[in-house]
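Everything below concerns the one structure shown next.
The values are calculated or read from the model by the stated rules, or taken from the named source; none is laboratory data. Source: prediction; values computed, not measured. FYI the Cβ positions are ideal-geometry reconstructions off the backbone, even for glycines, and counts take in every protein chain you see. Just the protein is used for accessible areas: all its heavy atoms, side chains included, with ligands, DNA and RNA removed. Shrake-Rupley method; radii C 1.70, N 1.55, O 1.52, S 1.80 Å.
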Amino acid sequence: MKTACRLLLLLLLQPILVQAEPVDQVWPWLDSANSRWFFFNSATRPFGMVNLSPDTEVDGAWGSGYRYDTEEVKGFSHVHAWQLSGLSVMPVSSTASMSKLKSDYYSPFSHENEIVKPGYHRLVLDRYGIEVELTASTRAGFHRYRFPAGAPRQLLIPMQGPLGPVEITEGSIRRIGNREFSGHVMNGATLRRPRPTPVFFHLEFDVDVSRMDGWQGRKQLENVQVLGGRNSGALLTLAEGETPVLLRVGISYTSADGARKNLDAEIPHWDFDRVAAEARDEWNTALSRIRVSGGTQQARARFYTDLFHALQGRRIISDVDGHYADQTGEERVVRRLPLDADGHPLHAHYNSDSFWGAQWTIQTLWPLVYPEVASGFAHSMLTYYRDGGFIPRGPSGGNYTHVMTGASSTPFFVSNWMKGIRDLDIEKAYRGLRKNHLPGGLMGRAGYEHDSALGGGIEHYIERGYVPYPLPEKTSGFHQDGAGQTLEYAYQDWALAQLAKELDKQEDVDYFLQRAQNYRRLFDPESGYMRPRENDGDWREPFDPFEYQHGFVESNAAQMTWFVPQDIAGLAELMGGRETAVRRLDQAFREAESMGFTSGKSHDQETREQNRRIPINYGNQPSIQTAFIFNELGAPELTQKWSRRVVDAVHSGLTPHTGYNGDEDQGLMGSLAVLMKIGLFQPDGGVTPDPVYQVGSPVFDRIEIDLQDRYYAGGTFTIIARENGAENVYIQSATLNGEPLERRFLRHSEIMAGGTLELLMGPEPAAD
């Protein structure tokens, strides 16, 4: 803890007039004491296939990977992804027997000797006195080891056992020459990812390897050329020497040859420092698309750390030449992405957790700042549709996982289209999206429901206008929470109707707009909340609006009552009018503030009884739009007040033990924090023509957003907040390009044209 705090202090003491570049302000240790397997990142590139970092815990999807308070390294693995891991290696220096070493090789380390930056990680394995440095390209890892003088130089490669969210069930390694090895490790099937998934590797050293020993089960193997199988591993002994040892590792989901080609293409040399510098530059270029000034040093460091999170977690799984593994069918097939005239892939293929909640996070940030990323993910999802018949909610290593609920990818496609990201076959996309909204599609599947399409209750939704809770059909699907599913489906139907209108499909427009009103069937006027209905149509009894998850997906009725992005005016009408709705929402925020706006300080605390009875939860996705609803209800001063207070309470900390106070699902919460801090937000997900951005309360004095000229012609959009400060959170007046702006929203076209939004801030709400 001392080193992290000292580095943070040094960061905060930098002279304000000598502001560091964005990459130098990222603090990767953020919330790492609470991290999930894919949360912590150091030696990686944006969306990199390789995410090389030390693992201090290796058992479980949650509470694994790099955990700041667990000061014992158990290996350095190359893949930290949604439901996937791959190739853990451990440099050792030991004279112990193989039978002892294979089960006793962990090493303590100290944060005092640790450096972590985007694209780079350094620490010392205290047990062996080995200094380890790590960096990476997109598909290859690069290691540099400094062994003690005269000590044995070895690399242990276990190919079995728990590794994050999976069990490594078997592996293989083959010696190719004095310095090269190739092989694979197998990710066993999981409840979420139903098919075994291999990760292939190709290793190259800059020194000779004198011998490869290993084990298979209880059998000890000495000086072999090939080994593998279940419960196997290898120990490579390197030639004696005093110079640092360099190790390059290519990774692929297709083949060992694919891994070699990835390595040859991306790191064809032995200059470790050059790769680390290139990683830093790539991160700095990406992070510099938003430039902020003003505020505190800590606020700026936290901002760029949030933006750093928004650009990872979701990983590339295609090779540099476009080959990828398709596991959407019964058999694993290697396919190739379409190529441009020069033979380069037109886009990458991706592994991804769910887009559940993306309508308020990456769905706004990526098209605004990284439109090429939004386009690439859309193309990747269309590739899954071509291969397996579904546009996915969240794929893993070429597998469908059917993670979470609903058709959460629909708003993502629609938002891209409405924002001018139109470099795809929209008719094909529409067919795939529409399929997901009908029986047999993803609305018919509850979380991780692989072999049936009943848990989503789509037939009930179509026939009755709601999904009953409990669902009469019994399936293996998770998240069979009918009221929450109904609210999601209604919003997603509305989003699809907007695209249908763009494509002149009037029959579909009418049909899906009618379904979008199904939220009304759940509003109970007596209680004033959205309420589950049972199979016979009766309200569920007993009813407690703060009861967690019984009818509502990872939430409660108090939170999900506000989940009507498509019709806030209609929801207010059901509540008794706009004034009543404003009063109720304001009271909900007052109650949530007393609990820190989140259900505890980390995701594993969310289901505790004392934490889950909260009306607004900014630690999970279902109610993270609520602060900006006030704008739509005609009370923008409350959006400004509460959005700033949420940022202060939830998204301002910068320690290993604070950060997101909940579930940072692969950049969703990082993206949310960025959007709230720049004061641009889309409560409806941006799915209407020329979408609206609600204006909040920016935390910085000046924000410059580079607009990518491949999609937008405006150059730069700048937000200036004059007289801004911790107390001055309220907008007194606004101008857009020098002209008075009486509204508290902007159109997409206004931002993309470039220019300046200037806000005058003050300590009290502006007079009417």
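Among what's in the stretch 331-345 and is surrounded by 13 or more Cβ atoms within 10 Å (Cβ to Cβ) and assigned to a loop (DSSP other than H, G, I, E, B), pick the residue that is nearest to the chain's Cα centre (by Cα). Going through the qualifying residues, I end up with LEU337. Here the condition is being modelled with pLDDT under 95, within 24 Å of the chain's Cα centre (by Cα) and not hydroxyl-bearing (Ser, Thr, Tyr); of PHE76, PHE47, PHE38, it holds for PHE38 alone.
Taking the numbered list (1) within 19 Å of LEU307 (Cβ to Cβ); (2) modelled with pLDDT of 95 or more in turn, TYR66 passes all entries but (1). Inspect the stretch 571-585 for any residue being within 24 Å of PHE478 (Cβ to Cβ) and among the β-branched types (Val, Ile, Thr) and give the result as yes or no. No. Here VAL116 meets each of (1) closer than 25 Å to ALA301 by Cα; (2) touching an Asp or Glu at 6+ places or on another chain (Cβ under 7 Å) with one exception, condition (2). Condition check for PHE142 on (1) in contact (Cβ under 8 Å) with a residue 60 or more places away in the chain; (2) over 30 Å from TRP62 (Cβ atoms); (3) aromatic (Phe, Trp, Tyr): one failure, at (2).
To keep it simple, each residue is scored yes or no on (1) aromatic (Phe, Trp, Tyr); (2) in contact with a Lys or Arg (Cβ under 7 Å, 6 or more places away or on another chain); (3) surrounded by fewer than 17 Cβ atoms within 10 Å (Cβ to Cβ).
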{"site": "GLN485", "(1), (2), (3)": "no, no, no"}
{"site": "ALA490", "(1), (2), (3)": "no, yes, no"}
{"site": "ALA495", "(1), (2), (3)": "no, no, no"}
{"site": "LYS505", "(1), (2), (3)": "no, no, no"}
{"site": "GLN517", "(1), (2), (3)": "no, no, yes"}
{"site": "GLU526", "(1), (2), (3)": "no, no, yes"}
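Scanning the stretch 746-765 for residues that are open to solvent by 40 Å² or more (accessible area, probe 1.4 Å) and not polar (S, T, N, Q) yields ARG747, GLU750, ALA753, GLU758, LEU760, PRO763, GLU764, PRO765. Where strands (runs of 3 or more DSSP E) sit wholly within the stretch 25-140, those with at least 2 residues that are more than 28 Å from ARG192 (Cβ to Cβ) and open to solvent by 10 Å² or more (accessible area, probe 1.4 Å) occupy 115-117, 120-125, 130-136. Restricting the first member to the stretch 443-470 and to residues that are acidic (Asp, Glu), and the second to residues that are open to solvent by less than 20 Å² (accessible area, probe 1.4 Å) and assigned to a helix (DSSP H, G or I), the beta-carbon pairs closer than 8 Å and six or more apart or on different chains are GLU459/GLY444. Take SER210 and tell me if it is polar (S, T, N, Q), surrounded by fewer than 17 Cβ atoms within 10 Å (Cβ to Cβ) and either assigned to a strand (DSSP E or B) or at pLDDT below 95 (or both). It is true that SER210 is polar (S, T, N, Q), surrounded by fewer than 17 Cβ atoms within 10 Å (Cβ to Cβ) and either assigned to a strand (DSSP E or B) or at pLDDT below 95 (or both). For the stretch 393-427, filtering for residues that are in contact with a Ser or Thr (Cβ under 8 Å, 6 or more places away or on another chain) and either free of Cβ contacts under 8 Å to residues at least 24 places away in the same chain or over 29 Å from GLU331 (Cβ atoms) (or both) leaves 5.
Of the residues making up the stretch 731-745, at least one is touching a strand residue (DSSP E or B) at 6+ places or on another chain (Cβ under 7 Å), open to solvent by 30 Å² or more (accessible area, probe 1.4 Å) and among the charged types (D, E, K, R).
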